[in-house]
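Visitor: A single structure is presented below for examination.
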Amino acid sequence: MSETTAVLYEIKGLSKRYVQKGRNIDALNNVDLTINSGDLISIQGPTGGGKSTLLQMLGGLDKPTSGSISLLGKNLETMSESDLARTRGNQIGFIFQTFNLIPTLNALENVETALVPLGVSSLERRERSLKALELMGLSDRANHLPSELSGGQQQRVAIARALVKNPDVLLADEPTGNLDQDTRDQIMDLLESIWRDKGLTLIMVTHDSAIAKRAKTHLIIANGKVSVK
């Protein structure tokens, strides 16, 4: 018997319309897409083409104008805000171009912030966060503030923060956009290693074609339409 692949996201007829200066802008236009557990996907396209909107939908940060999007069989567009917050907290890890670290907290405390909403005890938060930093090769930087870290180190802290929850999916918005080429390649090697070793689903928005080509599936979004390259 062949092993069946679990469906992570099921997207049907997904559309998102914004009104801007009296004009209708279709950021997403009737998108149909299936994303399986364990996929490694890159998303590219022109500015304003719908990349970030799709990532926000996948992360439960925005709701569609029409259509449906389900995560592990649960419809995100019909969830209450409290259920969405719980889903984001437990199942989705976010990685951003600008790292989004809290400047007054050290690396360890920044990682711990991901576990606070989940009701994890302070002792367990610390243990799990230290392990996540160790995985990133940052054990010796746990007590350093973001301002005392390089850009690559800050992004590693951000990845540790996303991973410490043990999510089903990592959503990365330009994760290497603020890094030089060598650091970019190191971060991508790290993300690929995590994806492979932990069996996660990794979905990345990127403007960098060298990064996009490393994904198993390469999506292009333009004028709200999605195609597979």
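Taken together, the values in this text are just the output of simple stated rules run on the coordinates, not laboratory data. Here the structure is a predicted model, which is why all the values come from computation and not from measurement. Note: ideal-geometry Cβ built from the backbone for every residue, glycine included; neighbour counts use all protein chains shown.
Visitor: Sequence gap of 8 or more, or different chains, plus Cα separation below 19 Å: how many lysine pairs satisfy both in the chain?
Guide: 20
Visitor: Using the count of nearby Cβ atoms within 10 Å as a rough guide to exposure, how do 203, 187 rank from fewest to most?
Guide: Working: 203 25, 187 22.
Fewest to most other Cβ atoms nearby, the residues stand as 187, 203.
Visitor: Seen from all sides and averaged, what is the projected area of the convex hull of the Cα atoms in the chain, in nm²?
Guide: On the way: hull surface 56.0 nm².
With every direction weighted equally, the projected area is 14.0 nm².
Visitor: How far is helix 81-91 tilted off the main Cα axis of the chain, in degrees rounded to 10, range 0 to 90?
Guide: 60 degrees
Visitor: Does anyone have the angle between helix 151-163 and the longest principal axis of the chain? Alpha-carbon axes, 0 to 90°, nearest 10?
Guide: So the helix axis and the longest Cα principal axis differ by about 70 degrees.
Visitor: Could you tell me the center-to-center distance, by alpha carbons, between the stretch 166-225 and the stretch 90-117 in angstrom?
Guide: 18 Å
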